[in-house]
Amino acid sequence: MQSDAQQRKTRLQLEQEIQQNQQRSQLQSQINADRQRVQQNSTASQIPQNP
């Protein structure tokens with residue numbers, strides 16, 4: 001049987017992990033959007049432009 005202090009600690013750790021996972025997924029979606037933007041830019045820059 002866990003003591004109250006131990007349960008409180010594990011609950012805090014779990015909440016921190018959940019927040020970190022949410023931040024990680026937000027960052028991942030930002031990275032994916034940036035990657036798509038970079039791909040669009042690189043394909044656009046491959047088109048020869050007259051100086």
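Contact map, region 6-34: residues that are outside any helix (DSSP H, G or I) paired with residues that are among the small types (Gly, Ala, Ser), Cβ distance under 7 Å, separation 6+ or inter-chain. No pairs are found.
For (1) out of contact with any helix residue (DSSP H, G or I) (no Cβ under 8 Å at 6 or more places or on another chain); (2) at pLDDT 95 or above; (3) among the charged types (D, E, K, R), each residue gets a yes or a no:
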position: Gln2; (1), (2), (3): no, no, no
position: Ala5; (1), (2), (3): yes, no, no
position: Glu15; (1), (2), (3): yes, yes, yes
position: Gln20; (1), (2), (3): yes, yes, no
position: Gln23; (1), (2), (3): yes, yes, no
position: Ser29; (1), (2), (3): yes, yes, no
position: Gln39; (1), (2), (3): yes, no, no
position: Ile47; (1), (2), (3): yes, no, no
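The values are calculated or read from the model by the stated rules, or taken from the named source; none is laboratory data. Just so it is clear, the structure is predicted and the values come from calculations on it, not from any experiment. Methodologically, a virtual Cβ is constructed for each residue, glycine included, from the backbone with ideal geometry; neighbour enumeration extends over all protein chains shown.
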